[in-house]
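Some notes on the structure that comes next.
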Amino acid sequence: MLAPNNFDWSRVDGQLEENVRKIEPLPANIALRQQILREGPFADPTAYLDPRTTADGRWRIEASVREADRDAVEAIGLLADLLSIRGYVHSALVPLSLHLSGRTATLTYRLGDRPEVYDAAVPVPSRADMSAPAVSTDWIERFGYHPPTFPMATEQWARGLCAFWTEMVAYGRIGDARPPWSDRRMRSRG
């Protein structure tokens, strides 16, 4: 199978090297050489792309921001970028939307092809919150999970939250279930 024409090299783990390239087929592989001559060196993935994804395979996530400061908008942007990568949190997690209101973000998602829609609300900490250790009783209220280190950067918060959600999805789900009939717009995006 040929590599898809929408492959994003920035997703390759590790540092990219200048000599990363697509290798030439072996001279003995006549069928592949003929296919490359006919169709080009990359396969067109449009026939099998999930319509819920962008051309490069990321999830399409509806996003909105209301009454939020610059710190919260930056944090939610980093979180949205991570959530858009298919399988980053969990292979079953299909994010539908991420809305920020003040310092509370709400992720709306599905698990696999199930019809149920779930909501998970999480606090978005300020830079000041992330720079000082929290008292042991307010981790979840301030950060949405128990951060392993302090101080932490905004990206560390977003990655930590995704790691926490990975575990939550592995054992069930995150947030509250919504009856399938409660929001027809979300059901039709399906």
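Answer yes or no as to whether Ala68 is open to solvent by less than 50 Å² (accessible area, probe 1.4 Å) and closer than 22 Å to Thr108 by Cβ. In short, yes. One residue stands out among those in region 90-119 that are among the hydrophobic types (A, V, I, L, M, F, W, C) and surrounded by 19 or more Cβ atoms within 10 Å (Cβ to Cβ): the one that is farthest from Leu161 (Cα to Cα), which is Val117. Look at region 47-61: where a residue is over 14 Å from Gly87 (Cα atoms) and a partner is open to solvent by 30 Å² or more (accessible area, probe 1.4 Å) and of a type in the set (Val, Ile, Thr), sitting 6+ places away or on another chain with Cβ atoms under 9 Å, you get Ala55/Thr46. When restricted to residues that are without any contact (Cβ under 8 Å) to a residue 12 or more places away in the chain and within 14 Å of the chain's Cα centre (by Cα), region 95-137 contains 0. Within region 82-94, the set of residues being more than 17 Å from Ala120 (Cβ to Cβ) and touching a residue at least 40 places away in the same chain (Cβ under 8 Å) comprises Ile85 only. Within region 60-94, the set of residues being over 16 Å from Arg159 (Cα atoms), of a type in the set (Val, Ile, Thr) and under 12 Å from the mean Cα position of the chain (by Cα) comprises Ile61, Val94.
The values are calculated or read from the model by the stated rules, or taken from the named source; none is laboratory data. Remember, it's a predicted structure, so these values are computed and weren't measured experimentally. Glycine also receives a Cβ, built like all others from the backbone with ideal geometry; neighbour counts cover every protein chain displayed. The protein model used for the area step is the full one, side chains on, heavy atoms only, and it has no ligands, DNA or RNA in it. Shrake-Rupley method; radii C 1.70, N 1.55, O 1.52, S 1.80 Å.
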